[in-house]
Every structure is written in C-alpha cells, then in structure tokens.
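Novice: Below you will find the structure I want to go over with you.
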Ligand SMILES: Cc1cc2nc3c(=O)[nH]c(=O)nc-3n(C[C@H](O)[C@H](O)[C@H](O)COP(=O)(O)OP(=O)(O)OC[C@H]3O[C@@H](n4cnc5c(N)ncnc54)[C@H](O)[C@@H]3O)c2cc1C
C-alpha cells in the first residue's frame, strides 16, 4: 500500500487525509499540537458552547455529503438568522439611503445589460475598494461591500485583493446556489471528533505533538499548514517554494464570546457587520442564539476583532478587551447587560492576509514548478472558508491517486 504523509491536522489536513485513506492510501498524519482540528474547536461552558473560530461551513453538496458520510447530525440555522444587519449609526438591514440606492442601481444596471457578469471582472492587482468604487460607487462599497468582506477576511478592503476574493465567481461554470450554513449540534468540535474517529477507523496513523521534518519523508507529502509554517517546512528541501511562501503575510484575529443573563431582542438576526470610519474597533458581532437552535442555555454573542492594522488589540488584557467591547456594544446595539461568562480566542498570525501581495505570491507559486511529490494545501490557496478547503482536499486526493495508480 502506498504511503502518503500529511503535515498539519487542521480542517485541510483532516479532510485530505480522509479522502486519501478512502482511496486506499496508508496515511501518516503529523500534527505539532496535542489535538487535531487546528483553528476549529468548540468550548463547552455551563451557559452554552463557544466556537473558537469558524462556527459553520457554507452548505454545499460536498459539505452536506461530508456530514452525511461521517454521520454528523446536521444542525441548520434558525429562520431568524436570515436577517443580517449592517451598522450605519445603528444596525440596519439596508444601510443605503433611497438616493444612494437609486444611484447604485443607475450605475450597476447599465453595466449588467451591456456586458453581463464579465463586465464586473476584477483586474489583476486591484483592491476590493478600487473594484467596489469602480463598479458600485462609494456608498455601497463603504457600507455593504467593506463590512461584508471584513467579516470574512478579517481585514479592510483597502488592501484585500479583488481577484482573489471575487475571481472564483467569474471562473465558476456551474451555478452554485447559496443554501445557508451547516454545523453539528455540539458545534464544530462535533465535526472534528467525527473526522478524527473516521480517520482512525480507516487506519490513518495520527502523530500528535510531532515536529516532523519534510526532508526525512519519502513519497508524496501534503503540507496542510499555514503558509508561514509551510515556508519553514519546505526551506531545506524546496528553497524556491519556501522563498515564495515566506512572502505571504499573516494576519491576526480574535473571537470573543459573551454570555449574558438577559437576551437582547431589539436586533434578532445573524449578526451585525461594522464598516470602518465610525471609530469602532469591532469588525462584527454574531448573534449566536439567533443563528443556531437548542445549544445555548443563555443568550450569547461572538465579537470579532483584529486584522493586520489592529494586531495590537490582541495584546489587550481580558479586562481591557471586555471593557472595549462593552463600550462598543452600547454604541452599536444600545445594550448594556451583565455578563455571566466569556471565552476569548486570540489567533495571532493565524490567518492568511488576502491582500494584493498574496495575489502576487500565488502567481509566483504557479511559476515555481512544484515537485511531483509535494502538494500544498490550506486556507491561503483557494479560499479561506471551510467549504473551499474541502473542495481542494478532493482535488489533491484525486491528483495523488492519478499519479500513483
Ligand atoms: C475567528 C475566525 C472565524 C472563522 N469563521 C469561519 C466560518 O464561520 N466559516 C468558515 O468556513 N471559515 C471560518 N474561518 C476560517 C477557517 O476556520 C480556517 O480558514 C480553517 O479552519 C483553516 O484550516 P487549515 O487546516 O487550513 O489551517 P489550520 O486550522 O491553521 O490548521 C493547520 C494545522 O497545522 C498544524 N501545524 C503547523 N505547523 C506544523 C508543523 N510544522 N508540523 C505539523 N503540524 C503543523 C497546526 O498546529 C494546525 O493544527 C474562521 C477563522 C477564524 C480565525
């Protein structure tokens, strides 16, 4: 049986290991930490659960199939989660004035009629801000596009790459319908536990607390770590690859889950995204109790803060951070409630910065001929979200299988 080595047991490493083991490979999975899951994980508290990073996957055919084959009971979002707020002085479901809305339509509709989807295709090296102002205008860029993208990529659209983020929409052949989100009843840890269990059943050897060296491995290797760790791992055997990877910038993000004695019921929805320019640090708030059912004992919210320009926030003490969020919560939601408990996750340099420099680095990576036995995987390559990572796991497993038939 052919052996494949997978380095990194985050969602990328776990799912590519699953697909490889299902294709009959002997998989050796190496992880530096004491547990698998990487960024994914769920803390249990006496008031309910707190996600450490992702709270769900986008519901696609592949993600649904993954839950089904692993036997993870599916927890779908509540009806209330369909409502989403954007902050403009207060949370609004539509943040543009009538005049701004008409001006946006007058700008967008002729482009749609004249050139269709391709008229909106981003240019190489263009930031999301430039793309948005060119196609949509200033107000929708600032109050809709900006906060929405910050909420996903954890950084301001002044630096985010339009090609990397919007490009896939233009290269997609099949129309994928957005069908909401998917998680387990016990949160993302349910999925991680099922993945780990299935890998062990399939005979995958999971080596925890291990610092493996790539140069000591024979045969196909999948490096499924952050770009930073991948640069370190490849530097001896594949210096030209490492050189490109080392230029990829990482950014930091923080999730703060707050459990309250009393539910806020003024704004019932998925959450509220916050544009820059209001002197607020928070990027957004998820109203967990209005997203998922039956898993909280008390109302709770998750606040997201950070980004490349606000790295210093991660150095605040718990007390200072809670004070800052309490002040911003009062300004954003008009709420001042007593706190029962909280969980803070500081993810330092944990996420790729989807900026124009990443676009350049990925283009350079395409130019470096990757050795046949080296496969790169992770959230800096084809998308930051879990459903994109899952798609890449399938592709990598198929490629390795076709090379070793
Ligand atoms: C606050 C937050 C909220 C998010 N929300 C969502 C969401 O709602 N939906 C969504 O789809 N995505 C979300 N994401 C993004 C998503 O969680 C991540 O992109 C994804 O989990 C990354 O998985 P990964 O396997 O690529 O990387 P990681 O999870 O970082 O895993 C990499 C693994 O490699 C290990 N490793 C590193 N170096 C080595 C080495 N030398 N040897 C062996 N192992 C090594 C690490 O310990 C780690 O376990 C969120 C992220 C954050 C931070």
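The values are calculated or read from the model by the stated rules, or taken from the named source; none is laboratory data. Source: prediction; values computed, not measured. Every residue, glycine among them, receives a Cβ derived from its backbone with ideal geometry; neighbour counts consider all protein chains shown.
Novice: Criterion first (over 22 Å from the mean Cα position of the chain (by Cα), more than 30 Å from residue 94 (Cα to Cα), modelled with pLDDT of 95 or more and within 13 Å of the ligand (Cβ to nearest atom)) does residue 29 satisfy it? Before the answer, list the steps.
Specialist: On the way: over 22 Å from the mean Cα position of the chain (by Cα): yes; more than 30 Å from residue 94 (Cα to Cα): yes; modelled with pLDDT of 95 or more: yes; within 13 Å of the ligand (Cβ to nearest atom): yes.
Answer is yes for this residue.
Novice: Follow-up. Hey, which of the helices (runs of 4 or more DSSP H) in the stretch 183-251, taking only ones fully inside, have at least 3 residues that are touching a strand residue (DSSP E or B) at 6+ places or on another chain (Cβ under 9 Å) and more than 13 Å from the ligand (Cβ to nearest atom)?
Specialist: It comes to 188-201.
Novice: Follow-up. Would you check if residue 370 is assigned by TED's automatic domain parsing to the domain that holds residue 241 and either in contact (Cβ under 8 Å) with a residue 24 or more places away in the chain or within 16 Å of the ligand (Cβ to nearest atom) (or both)?
Specialist: Judged against the criteria, residue 370 is a match.
Novice: For residues that are on the phi > 0 side of the Ramachandran plot and in contact with a strand residue (DSSP E or B) (Cβ under 8 Å, 6 or more places away or on another chain), tally how many sit in the stretch 19-40.
Specialist: Adding up the residues that qualify gives 2.
Novice: Further, regarding this structure: Go through 281, 293, 268 for me and flag whichever is over 23 Å from the mean Cα position of the chain (by Cα) and assigned to a loop (DSSP other than H, G, I, E, B).
Specialist: 268
Novice: Among the residues of the stretch 307-324, is any under 18 Å from residue 87 (Cβ atoms), crowded, with 20+ Cβ neighbours inside 10 Å and within 13 Å of the ligand (Cβ to nearest atom)?
Specialist: Yes, the stretch 307-324 contains a residue that is under 18 Å from residue 87 (Cβ atoms), crowded, with 20+ Cβ neighbours inside 10 Å and within 13 Å of the ligand (Cβ to nearest atom).
Novice: Hey, another quick one. Restricted to the stretch 5-24, and to residues that are surrounded by 24 or more Cβ atoms within 10 Å (Cβ to Cβ) and assigned to a loop (DSSP other than H, G, I, E, B), which residue is nearest to the ligand (Cβ to nearest atom)?
Specialist: Restricting to residues being surrounded by 24 or more Cβ atoms within 10 Å (Cβ to Cβ) and assigned to a loop (DSSP other than H, G, I, E, B), the top hit is 8.
Novice: If you check residue 342 against the conditions, is it modelled with pLDDT of 95 or more, within 16 Å of the ligand (Cβ to nearest atom) and under 29 Å from residue 123 (Cβ atoms)?
Specialist: no
Novice: Further, regarding this structure: How many residues are within 16 Å of the ligand (Cβ to nearest atom) and surrounded by 19 or more Cβ atoms within 10 Å (Cβ to Cβ) if we restrict to the stretch 40-53?
Specialist: 7
Novice: Still on this model: Whether any residue in the stretch 58-75 is assigned to a loop (DSSP other than H, G, I, E, B), more than 15 Å from the ligand (Cβ to nearest atom) and either buried (at least 20 other Cβ atoms within 10 Å of the Cβ) or within 21 Å of the chain's Cα centre (by Cα) (or both) is what I want to check.
Specialist: Here is the first cut: in the stretch 58-75, the ones assigned to a loop (DSSP other than H, G, I, E, B) are 59-60, 71-74.
Imposing the further condition that a residue be more than 15 Å from the ligand (Cβ to nearest atom) reduces the set to 71-74.
Then drop every residue that is not either buried (at least 20 other Cβ atoms within 10 Å of the Cβ) or within 21 Å of the chain's Cα centre (by Cα) (or both), which leaves 72, 74.
Yes: one or more hits.
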